[in-house]
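S.K.: Sharing a structure here in structure tokens format.
The values are calculated or read from the model by the stated rules, or taken from the named source; none is laboratory data. Note that the structure is a prediction, hence the values are computed from the model and not measured. These accessible areas exclude ligands, DNA and RNA; they are computed on the full protein's heavy atoms, side chains included. Shrake-Rupley method; radii C 1.70, N 1.55, O 1.52, S 1.80 Å.
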Amino acid sequence: MDAEGYDERIRRTIPDYDGIVDAVASRIRDSGCVDWLDAGCGTGEAVSRVLFSRHINVTLLDSSEQMLSEAGRKLGDGCAYVFGDIRDLPFPSDSFDAVSCILCLHYLRPEERIPVFSQMYDILRPGGVFVYAEHIIPEDPCSAEAEWRRFLIDRGRTPEEADTYLGRKGREYFPLTVDDHLRLLNDAGFCDATVLMVSCSQAVLAARK
């Protein structure tokens, strides 16, 4: 994935992207964490919003060296950068007080998410928080998809391009309902699962170990 210009492109692709990132960043700040993993970190946008206000030991993981390079350019040498896959996290148990993951788990098929959620639980310390943002199947899918389509067209996509982008659902990414996510969190052992926000076809959730 091309990291150059990614932040601008995703703002023109995901409705209320900044609100989604802010919701994740705010929950991380409120957690009082010392050690934080941002898994599937992209360009490090969420981390930049938290480190602006307080110091945390941050590890950023991504499967794209370009994204890690862009995150390093944005954040500097004060963070640890790890090339890796969220399906095989290279960290021991009880490594972090907080783990975040923004808009990347939906590329996994539903059955692949069960071991990933279990890994997230394992690398958290007791009382640690898992915060993530995901594409979801909303309560009114037709209305939400029409809203997303209008958003894409308003920001420069042709109707055909918008339809092609939204047609990736079920082929390239695999959204679940909010209830499905809450069940996954519960099955992995998490408690106090909460929906922090829902925007169009995206949601931000948090839970505690």
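S.K.: Using the heavy atoms of the protein chains and a 1.4 angstrom probe, tell me the accessible area per residue for the stretch 85-207 in square angstrom.
M.R.: Averaged over the residues of the stretch 85-207, the accessible area is 47 Å².
S.K.: Let me ask another. Using a 1.4 Å probe on the protein chains only, how many percent of the accessible area of the stretch 83-122 belongs to carbon and sulfur?
M.R.: That fraction is 53 percent.
S.K.: Is the stretch 41-115 rounded, prolate or oblate when judged by the Cα gyration tensor, a ≥ b ≥ c being the square roots of its eigenvalues, rounded requiring a/c under 1.5 and prolate requiring a/b larger than b/c?
M.R.: In terms of gyration-tensor shape, prolate.
S.K.: If you don't mind, another one. At 222 nm, what helix-only mean residue ellipticity would the chain give, in deg cm²/dmol to the nearest 500, using -39500 (n - 2.57) for each DSSP H run of four or more?
M.R.: Only helices count here, giving -12500 deg cm²/dmol.
S.K.: Taking amide H positions as placed 1.01 Å from N in the peptide plane, with prolines and chain starts having none, which residues 5 or more places from MET197, or on another chain, fall under 5 Å of its amide H?
M.R.: Amide H neighbours of MET197, under 5 Å, 5+ apart: VAL204.
S.K.: In a Gaussian network model over the chain where Cα atoms closer than 10 Å are linked, find which of THR194, THR177, THR164 has the largest mean-square fluctuation.
M.R.: THR164
S.K.: Please state the shape class of the stretch 52-209: rounded when a/c is under 1.5, otherwise prolate if a/b exceeds b/c and oblate if not, all from the C-alpha gyration tensor.
M.R.: Oblate.
S.K.: Give me the percent of accessible area attributable to carbon and sulfur for the stretch 127-205, probe 1.4 angstrom.
M.R.: For the stretch 127-205, the apolar C and S fraction of the accessible surface comes to 48 percent.
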